[in-house]
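The values are calculated or read from the model by the stated rules, or taken from the named source; none is laboratory data. From a predicted model like this one, the values you see are computed outputs, not experimental measurements. Neighbour counts are summed over all protein chains in view; Cβ atoms, including those assigned to glycine, are modelled from backbone coordinates with ideal geometry. Note: areas computed on protein heavy atoms with side chains; ligands, DNA, RNA excluded. Shrake-Rupley method; radii C 1.70, N 1.55, O 1.52, S 1.80 Å.
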Amino acid sequence: MKFRNSIEMKTSVDFEYVADDVLTEWLEGFTVEKGLIRVPTDNDIEEFGGECIVGFVYTNKGMNLYERACKRLKKLGEKYFPEDEIEIKSSAVIYS
């Protein structure tokens with residue numbers, strides 16, 4: 001399978017890596033002005049650990065968009081690799 005005429009994905013693992021890249025790049029466009037990220041509070045820093053937070057946290061609105069995108073990409077991956085368990089996530093998102 002090829003996407004964008006240049007990315008060949010032979011396995012579900014290939015698909016997961018590409019999905020991670022796509023999601024991570026998409027998340028870079030999330031801004032405070034759009035209401036998708038915010039400045040972390042002291043509670044956020046305590047919950048996640050100060051070394052994990054780079055300067056922002058995703059808002060509920062931002063996380064909902066992210067989770068919907070993951071579900072859509074997972075369905076796409078399951079369509080092309082129905083025999084495999086597909087796990088879609090961005091390496092840029094840290095869960096508590």
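The table below lists the values:
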quantity	calculated
Tyr66, Tyr95, Tyr80, reordered so the largest accessible area comes first (probe 1.4 Å)	Tyr95, Tyr80, Tyr66
Cut-off under 5 Å, modelled amide H: who pairs with Ile37 long-range	Thr31, Val32, Thr59
Dipole of the chain, positive end: most advanced residue of Gly49, Val93, Gly77 [Cβ charges, Cα centre]	Gly77
Read-out Cα Rg over 2.2 N^0.38 Å, derived from the coordinates shown; its label in (1) 1.23; (2) 0.96; (3) 1.33	(1)
Theoretical ellipticity at 222 nm over the chain - DSSP helices of four or more residues, -39500 (n - 2.57) apiece, nearest 500	-15000 deg cm²/dmol
Nearest 10 degrees, 0 to 90: helix 12-27 Cα axis against the chain principal axis	40
Additional length obtainable on full extension of the chain from Thr59 to Asp42, 0.36 nm per residue less Cα span	4.6 nm
